[in-house]
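Read-outs throughout are calculated quantities, based only on the coordinates presented, and are distinct from any laboratory measurement. All of these numbers come straight from a predicted model, not from anything done at the bench. Using ideal geometry, Cβ is built from the backbone for each residue, glycine included, and neighbour counts are taken over all protein chains shown.
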Amino acid sequence: MACGIWGRYTCSGCTERHRDRAPTKLTTHGLTRLYARSNSTKTDTIPPFKFIPLPTLPHNHFFPSPPFSLSEYSYISQFKSRPPSLLLLSPSPSKILHIPPRPPSPQKDYRKMVSTPCQDGLKICCIGAGYVGGPTMSVIALKCPEITVNIVDISEPRIAAWNSDNLPIYEPGLDKVVKACRGRNLFFTTQVDQCIKEADIIFVAVNTPTKKVGIGAGRAADLTYWELAARRIAQVAETPKIVVEKSTVPIKTAEAISAVLHGAGKTQFSVLSNPEFLAEGTAIEDLDAPDRVLIGSTLCEEGSKASQTLADVYAHWVPREKILQTNVWSSELSKLVANSFLAQRVSSINAVSAICEASGADVDEVARAVGMDTRIGPKFMKASVGFGGSCFQKDILNLVYLCESMGLPEVAHYFHQVVQMNDLQKERFVSRIIHGLFNTITGKKIALLGFAFKKDTGDTRESAAIEICRRFIEEKAQIAIYDPKVEEEQIWSDLTGACQMDKIEVQKYVTLCPDAITACDNAHAMAVVTEWDEFKDINYNKVFEKMIKPSFVFDGRNVLDHELLRKIGFIVYAIGKPLDPKLSTA
Ligand SMILES: NC(=O)c1ccc[n+]([C@@H]2O[C@H](COP(=O)([O-])OP(=O)(O)OC[C@H]3O[C@@H](n4cnc5c(N)ncnc54)[C@H](O)[C@@H]3O)[C@@H](O)[C@H]2O)c1
Ligand SMILES: O=c1ccn([C@@H]2O[C@H](COP(=O)(O)OP(=O)(O)O[C@H]3O[C@H](CO)[C@@H](O)[C@H](O)[C@H]3O)[C@@H](O)[C@H]2O)c(=O)[nH]1
């Protein structure tokens with residue numbers, strides 16, 4: 001069947017290059033959206049004119065007879081510097097079949113148009129609509145309006161939430177981006193197979209948690225979801241695809257995945273590594289202006305071509321010099337190393353916080369003095385109750401496991417210390433509270449402010465709050481939790497999992513509160529675990545009135561005004577700060 005593309009244009013539905021060829025029939029051939037130009041007979045001037053979207057057309061849709069004659073249509077593949085979706089120019093969108101004949105656009109325009117950074121009509125599918133897949137693909141859709149981006153997931157509720165006003169993740173600025181693109185060139189769907197089939201580039205952004213059972217349990221990455229996604233692609237794909245590792249994976253995963261994909265022997269796949277460096281809470285900022293974009297590929301011609309295609313997508317908004325193209329193993333390893341270095345800095349400053357408490361030094365002063373050395377730098381120097389999040393611990397343990405597997409036990413041990421230091425920091429915080437409250441917290445009420453692993457996210461994965469609560473429950477304390485963004489059900493699920501108790505049992509120890517003041521009512525102590533900005537603005541005079549005396553504040557993030565709190569009458573403990581003489585440490 002002839003493809004209905006006219007001019008020098010590589011159609012998204014097939015890999016053929018079509019050149020001034022008159023098909024007998026016109027099909028959409030993989031293009032699902034056509035735009036009509038209204039009220040104009042001019043073909044070559046692009047803006048200003050009005051585009052009227054026609055109804056979405058299914059793949060390979062045949063227009064009814066009489067078939068289109070090519071001379072009646074002009075397809076163009078560039079709209080100013082940003083290539084748009086395929087444009088169907090027509091004087092009357094409602095009369096798409098009765099357009100007066102028009103001469104084709106001059107050849108030279110087409111030459112200019114096809115040399116755009118990204119091919120018109122490119123289709124992206126992202127498998128996994130989570131914290132990475134959702135924001136990353138939304139930003140690609142925003143920056144590349146001519147690219148169709150389908151985000152697929154096996155979880156129906158998650159997809160339903162992405163299609164609602166209540167997105168499944170909280171991320172500042174995400175709402176706006178999604179609203180700008182959803183239904184235009186960004187789609188969330190559970191139609192995994194169809195989107196795989198239609199895509200030119202498939203990102204895989206599924207979860208890769210730490211293995212719970214089997215060889216490498218507790219350390220190695222569990223690639224079950226990844227492999228399932230790869231097998232699905234292998235089974236369904238009919239045309240060549242670029243498959244992109246967006247998930248964080250161990251080195252050599254691309255090689256293994258390539259074997260799975262090519263095992264089916266149906267078509268050609270190029271596997272790229274393109275790790276994501278966004279941090280939660282600042283995902284949109286990080287995606288908008290990344291420090292770098294890393295693309296790893298095999299060194300063959302196919303690999304370089306695929307790498308270039310992906311680089312061209314990012315080049316829509318990321319300066320070329322920030323797009324690093326490396327070999328695939330360097331790319332995979334760099335992601336694990338980046339997270340290990342970041343976590344190592346947090347553990348280092350947390351280790352220093354213990355020295356400060358023992359010596360009377362102030363951790364923030366030390367961090368400032370050390371961080372002003374340009375070789376060291378000031379970032380990631382904030383002492384805390386311990387790092388959390390879905391990545392740091394998982395990725396370091398993954399690196400540790402890789403080192404062990406490669407016969408490098410000393411290197412493995414070196415990186416493992418970062419996680420052990422983090423565990424120690426959480427335990428130090430709990431011990432300070434128990435000792436501060438005269439060596440027992442049994443039956444005492446502790447208000448826990450914050451449950452997310454950091455501010456500006458509703459994510460609780462590996463949050464220090466979970467371990468701290470587990471230890472409080474072990475000591476039979478009463479805990480009143482307030483977090484501005486974390487869903488209640490998430491807290492119950494985290495605590496039942498961590499404590500190996502059912503919800504009713506956990507509820508004997510834990511209550512969830514609508515605000516900080518309520519949580520502090522009749523409490524012996526208040527502990528800040530997440531650095532939410534709003535905690536700085538609480539009326540602490542009011543809190544003090546409501547709390548049992550002596551009233552304690554344990555600031556696990558060093559975000560409160562400790563001087564002021566002491567003036568009000570609180571006994572204050574802050575990570576890495578000179579100890580309050582009134583705080584019992586026995
Ligand atoms: N969260 C972050 O900030 C972050 C940042 C950089 C990299 N990463 C890495 O990115 C990956 C994804 O992380 P995340 O936080 O987005 O995970 P997530 O759990 O939020 O999302 C993963 C999604 O994949 C879906 N999924 C799993 N298997 C599937 C399949 N076979 N087909 C379709 N959908 C499937 C799940 O239903 C889930 O919605 C991980 O490897 C993680 O280490 C995460
Ligand atoms: O000075 C600091 C900085 C961070 N943290 C804690 O460290 C954890 C991780 O914070 P952050 O790195 O900001 O958030 P993540 O979303 O986990 O992002 C990390 O993990 C992602 C997943 O791999 C990477 O993409 C990011 O580059 C990397 O920063 C959180 O609990 C923070 O509170 C500190 O305690 N002190």
Next on the checklist: For Lys503, give me every one of the lysines with a C-alpha distance below 29 angstrom, ignoring sequence neighbours fewer than eight places off in its own chain.
Outcome noted: Lys211, Lys212, Lys394, Lys426, Lys444, Lys445, Lys454, Lys455, Lys476, Lys485, Lys546
Checklist entry - Tell me, what HN-Hα J-couplings in whole Hz come from the Karplus equation 6.51 cos²θ - 1.76 cosθ + 1.60 at θ = phi - 60° for each residue of segment 573-586, using x for Gly and Pro? => result 10, 9, 4, x, 10, x, 6, 5, x, 7, 8, 6, 10, 5
Checklist entry - trypsin sites (Lys or Arg not before Pro), restricted to segment 224-288: which are DSSP loop and have at most 16 other Cβ atoms within 10 Å? => result Lys252, Lys266
Checklist entry - From the phi of every residue in segment 199-210, what ³J(HN,Hα) in whole Hz does the Karplus formula 6.51 cos²θ - 1.76 cosθ + 1.60 yield, where θ is phi - 60° and glycine or proline is x? => result 7, 8, 10, 10, 8, 10, 10, 7, 6, 10, x, 6
Checklist outcome for this item: With x for Gly and Pro, the residue-by-residue ³J(HN,Hα) of segment 365-382, computed from phi through the Karplus equation 6.51 cos²θ - 1.76 cosθ + 1.60 at θ = phi - 60° and given in whole Hz, is 5, 5, 4, 5, 4, 6, x, 6, 6, 4, 6, 9, x, x, 7, 6, 10, 9
Checklist outcome for this item: The residues Ser551, Ser138, sorted from fewest to most surrounding Cβ atoms within 10 Å, come out as Ser551, Ser138
Checklist outcome for this item: Sorted by chain and number, the residues with a modelled amide H under 5 Å from that of Leu186, at a separation of 5 or more or across chains, are Val149
Checklist entry - What is the mean projected area of the alpha carbon convex hull for segment 395-528, to one decimal in square nanometres? => result 9.0
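Among Val370, Val506, Val352, Val418, rank each residue by its count of other Cβ atoms within 10 Å, from fewest to most, as a rough exposure measure.
On the way: Val370 15, Val506 21, Val352 18, Val418 27.
Going from least to most buried by this count: Val370, Val352, Val506, Val418.
Write out the trypsin sites (Lys or Arg not before Pro) in segment 373-441 meeting two conditions: DSSP loop, and at most 10 other Cβ atoms within 10 Å of their Cβ.
Numbers: sites: Arg375, Lys379, Lys382, Lys394, Lys426, Arg428, Arg432; in loops: Arg375, Lys379, Lys382.
Hits after loop and neighbour filter: Arg375, Lys379.
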Checklist outcome for this item: Under 5 Å from the placed amide H of Ala523, counting only residues 5+ away or on other chains, we find Ile548
Item to check | Calculated log₁₀ intensity ratio I(q)/I(0) where the Debye formula runs over C-alpha points of segment 110-318, q = 0.09, 0.14, 0.19 Å⁻¹ | outcome: -0.33, -0.82, -1.54
Checklist entry - Which cross-chain or sequence-distant (5 or more) residues have an amide H under 5 Å from the amide H of Gln478, H modelled 1.01 Å from N in plane? => result Gly443, Lys444, Lys445, Ile446
Checklist entry - Leaving out same-chain residues fewer than 8 places away, which aspartates and glutamates sit with a Cα under 19 Å from that of Lys266? => result Glu16, Asp193, Glu198, Asp200, Glu227, Glu238, Glu255, Glu302
Checklist entry - With point charges of +1 on the Cβ of Lys and Arg and -1 on the Cβ of Asp and Glu, referenced to the Cα centre of segment 409-558, which listed residue (Cys469, Gly458, Pro484) lies farthest in the positive direction of the dipole? => result Cys469
Next on the checklist: Using a Cα-Cα cut-off of under 18 Å, which lysines could be cross-linked to Lys582, ignoring same-chain neighbours fewer than 8 residues away?
Outcome noted: Lys549, Lys567
